[in-house]
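The values are calculated or read from the model by the stated rules, or taken from the named source; none is laboratory data. Everything numeric in this text was worked out from a predicted model, so none of it was measured. Quick reminder, even Gly has a Cβ in these numbers, built from the backbone with ideal geometry, and neighbours come from all protein chains shown.
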């Protein structure tokens, strides 16, 4: 795989070009983290802040994968919350309340402490794609407010949508003022710079060939070896390492984004009067927001069959123009895609493959916030505080007893059903 970031709006506007060396030779450390995205870098920061020596191994470059390509939406909580409540009861409800904005808090503190420039803005909105979806949004806000943590939430009825979005495609919304949006690649690069400054040893272009737990854990690359007391597989979805509790669990899914030319202030104000990040309420959803330089970043059309579209621009343009007719014929300057890992239960997979080999994977499109939650939970467990980690490890996940290719086809069929239900 190439050791450069893909041609995206984020790569074109990255504000840090730090390069880290490839691993050569053998080194010893307390914890070896495999993966240089949000999961890995956030875990490394949480560990070094607790006094641990940490090594991070990245196969390509920091933020090369989903962490540097995603929609940049910082959404509260994690996916699959109803599953957690259903399986864990009151303990699950307390866990969800405790961690709902934990990722936000971690990100915001690091941005301030380490002076990370990543265009953070607050305000996120879920819009109702169908009138019937408003019942769920109203209920969610009422439940959160009744539980005492809904101060930043508000319901927008259909008649008031003009004040929050310049589109007639939606039938109301729910706004979370504590959530928001940011430049994900610049956040990843800034956190890596902060981690390196605190002593974390980061190696790029160092794809892992072997992960071994046992009495003497180690991680090997083609030209090096890291001996550690603990290993963390941080969002690392290489099929060769999907063994034990990870077998049949993860299914990579394509997601795609287009970025328009910079819009005029008038048009930007018209389409997004409050500069909110937006996701719709469909299962196969659209998501969009304005960048700091007033481009519309419009994403969606998830491809569960694991086959990329021939032309991302022409695949997404019709939907962009359907939602925002005022953007018809606007120039599209960038188009890119990547893979997100889907877990069938939609609950992020956090646990241990072996007693000293931890994993965190499968954020199902909620990665900006959820990766930082997972990193803190795993760092906490390595440091000896197991309560939250143990709850995640109790979650019963659905696994398909087939290979990844066939699994993706089955998943695609299932999602086609939901897509047809969304449309009909």
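Couple of notes before you dig in:
- Among (1) farther than 21 Å from residue 247 by Cα; (2) in a loop (DSSP other than H, G, I, E, B); (3) touching a residue at least 40 places away in the same chain (Cβ under 8 Å), the one test that residue 384 misses: (3)
- Residue among 136, 148, 166 that alone is in contact with a helix residue (DSSP H, G or I) (Cβ under 6 Å, 6 or more places away or on another chain) and more than 26 Å from residue 375 (Cβ to Cβ): 166
- On inspection, residue 248 qualifies as within 30 Å of residue 352 (Cβ to Cβ) and in a loop (DSSP other than H, G, I, E, B).
- Some residue of the range 64-78 being under 24 Å from residue 225 (Cβ atoms) and within 17 Å of the chain's Cα centre (by Cα): yes
- Test: residue in the range 82-96 that is out of contact with any strand residue (DSSP E or B) (no Cβ under 7 Å at 6 or more places or on another chain), within 23 Å of residue 344 (Cα to Cα) and not in a helix (DSSP H, G or I): yes
- Exactly one residue out of 78, 106 is modelled with pLDDT under 95 and either assigned to a loop (DSSP other than H, G, I, E, B) or over 28 Å from residue 171 (Cβ atoms) (or both), and it is 78.
- For the range 342-359, the set of residues classified as touching a helix residue (DSSP H, G or I) at 6+ places or on another chain (Cβ under 8 Å) and closer than 25 Å to residue 300 by Cβ consists of 342, 344, 345, 346, 347, 348, 349, listed by residue number.
- The range 58-73, residues that are at pLDDT below 95 and within 15 Å of residue 366 (Cβ to Cβ): 66
- Selection status of residue 230, surrounded by 21 or more Cβ atoms within 10 Å (Cβ to Cβ), within 17 Å of residue 207 (Cα to Cα) and either touching a residue at least 24 places away in the same chain (Cβ under 8 Å) or touching a helix residue (DSSP H, G or I) at 6+ places or on another chain (Cβ under 9 Å) (or both): no
- Filter result for residue 271 (buried (at least 18 other Cβ atoms within 10 Å of the Cβ), closer than 24 Å to residue 394 by Cα, in contact with a helix residue (DSSP H, G or I) (Cβ under 8 Å, 6 or more places away or on another chain) and modelled with pLDDT of 95 or more): no
- Qualifying residue in the range 360-369 (condition: under 20 Å from residue 47 (Cβ atoms), assigned to a strand (DSSP E or B) and either out of contact with any helix residue (DSSP H, G or I) (no Cβ under 8 Å at 6 or more places or on another chain) or modelled with pLDDT of 70 or more (or both)): yes
- Taking the listed residues 190, 197, 244, the one that is on the phi > 0 side of the Ramachandran plot, out of contact with any helix residue (DSSP H, G or I) (no Cβ under 6 Å at 6 or more places or on another chain) and in contact (Cβ under 8 Å) with a residue 12 or more places away in the chain is 244, with no other qualifying.
- Among (1) modelled with pLDDT of 50 or more; (2) surrounded by fewer than 23 Cβ atoms within 10 Å (Cβ to Cβ); (3) outside any loop (DSSP other than H, G, I, E, B); (4) in contact with a strand residue (DSSP E or B) (Cβ under 7 Å, 6 or more places away or on another chain) - the single one residue 391 does not satisfy: (4)
- Against the test of being closer than 22 Å to residue 277 by Cα and either surrounded by 17 or more Cβ atoms within 10 Å (Cβ to Cβ) or free of Cβ contacts under 8 Å to residues at least 24 places away in the same chain (or both), the options 52, 10 yield a single qualifying residue, 10.
- Of all residues making up the range 13-46, the number that are assigned to a loop (DSSP other than H, G, I, E, B) and touching a residue at least 24 places away in the same chain (Cβ under 8 Å): 14
- Of the set (1) part of a helix (DSSP H, G or I); (2) within 25 Å of the chain's Cα centre (by Cα); (3) surrounded by 15 or more Cβ atoms within 10 Å (Cβ to Cβ); (4) in contact (Cβ under 8 Å) with a residue 12 or more places away in the chain, all apply to residue 161 but (2).
- The range 105-150, residues that are crowded, with 19+ Cβ neighbours inside 10 Å and without any contact (Cβ under 8 Å) to a residue 40 or more places away in the chain: 134, 144
- Selection of the range 358-372 for residues being farther than 13 Å from residue 37 by Cα and either free of Cβ contacts under 8 Å to residues at least 12 places away in the same chain or over 11 Å from the mean Cα position of the chain (by Cα) (or both) yields 358, 359.
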